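Since every read-out is calculated from the coordinates, none of them should be taken as a lab result. Here the structure is a predicted model, which is why all the values come from computation and not from measurement. Here the Cβ positions follow ideal geometry from the backbone for every residue, glycine too, while neighbour counts run over all protein chains shown.
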Amino acid sequence: MSDSIASGATNAAPPTRSQPTRIGQLQVYLRVQKLSNLTQISTWSSSIGALSSALHRALDCAPPLHTGQLVQCALGTLMRSGPFEFLLVGDADHSPSDRVTLLRQHINTETGSVLDLSHARVRVSVHGDKAVEALSKLYALDFRLAAFAANSFALTGHHHIPCLLHRLDAQHFHAYYFTTYARGQIDLLADAALEFGVDVTHAG
């Protein structure tokens with residue numbers, strides 16, 4: 001990662017802050033994380049079948065069939081982020097270049113594209129007893145578990161700024177923001193959570 005890109009990712013994070021309620025409650029926790037591995041795999045309508053087969057071979061797991069679905073595989077979490085697009089969220093066990101090289105061994109330019117987006121996204125872990133209440137102030141989603149189940153995600157946004165919101169549990173989410181807009185969106189989310197007591201930390 002270049003110095004300028006690394007600096008941009010660091011500047012996306014707002015200052016650490018802890019603002020409990022008047023009675024000392026902290027009910028929403030925001031943990032800002034720079035991503036070590038995020039890869040976009042995409043194609044066009046005529047090649048989605050070939051791309052899905054190539055991903056199956058590369059990751060040894062069947063890709064999700066519909067937008068909003070995800071599966072766990074050896075290299076991380078594979079999300080169907082669009083009709084012809086996937087996002088692979090990994091950990092630090094493999095470098096972004098290793099992951100891209102591995103995928104390109106199975107996905108040639110006639111099948112689709114593989115792009116490292118680790119520098120271009122910031123992930124925020126949102127959890128606590130009032131996580132849903134805070135998020136619902138910004139995002140027009142049905143947060144009932146029957147409509148938005150754990151281990152699924154939704155593509156949403158606030159004031160035309162997109163957000164991919166992955167639900168891990170009833171009151172635990174991962175929000176993915178474009179690095180360029182992340183600081184402003186995190187500040188808005190922290191302000192939305194202020195009445196519940198909010199704690200903002202950095203995971204590095």
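Close amide H pairs (under 5 Å, H built 1.01 Å from N) link residue 37 with 90, residues at least 5 positions away or on another chain.
Multiplying the sequence separation of residue 16 and residue 203 by 0.36 nm and subtracting their Cα-Cα distance, what value in nm do you get?
On the way: separation 187, 0.36 × 187 = 67.32 nm, distance 1.06 nm.
Additional length available on full extension: 66.3 nm.
Proximity of backbone amide H atoms, modeled 1.01 Å from N, is registered between residue 157 and 140, 163 at under 5 Å, excluding neighbours fewer than 5 places apart on the same chain. From least to most packed, judged by other beta carbons within 10 angstrom and beginning with the fewest, 71, 198 follow the order 71, 198.
Legend: ranking of residues 73, 163 from fewest to most surrounding C-beta atoms inside 10 Å; resulting order 73, 163.
Cβ-to-Cβ counts within 10 Å put 127, 56, 160 in ascending order as 160, 56, 127, the fewest first. For residue 137, no residue 5 or more places off, or on another chain, has a built amide H under 5 Å of its own. A cysteine counts as unpartnered when no other cysteine's C-beta lies under 4.7 Å of its own; in the chain this applies to 163. Helical runs assigned H by DSSP (4 residues or longer) give the chain a calculated mean residue ellipticity at 222 nm of -7000 deg cm²/dmol, each run adding -39500 (n - 2.57) before division by the residue total.
Given a Förster distance of 22 Å, report the FRET efficiency between residue 150 and residue 194 from their Cβ-Cβ distance, rounded to the nearest 0.05. Provide the component values of the computation, followed by the final result.
Values: r = 26 Å, r/R0 = 1.19.
That pair, residue 150 with residue 194, gives E of 0.25.
Considering the zone a paramagnetic label at residue 71 would reach in this model (a point 7 Å from Cα along the Cα-to-Cβ line), which residues of segment 38-61 have amide N under 11 Å from it? Correct set: 52-61. Restricting segment 105-196 to GluC sites (Glu not before Pro) that sit in a DSSP loop and have at most 16 other Cβ atoms within 10 Å of their own Cβ leaves 110. Using a cutoff of 8 angstrom between alpha carbon atoms and counting only pairs six or more residues apart, the relative contact order for the chain works out to 33 percent. For residue 45 and residue 62, the difference between the fully extended length at 0.36 nm per residue and the C-alpha to C-alpha distance is 4.3 nm.
Summing Lys and Arg as +1 and Asp and Glu as -1 over all other residues whose Cβ lies under 14 Å from the Cβ of residue 177 gives a net charge of +4.
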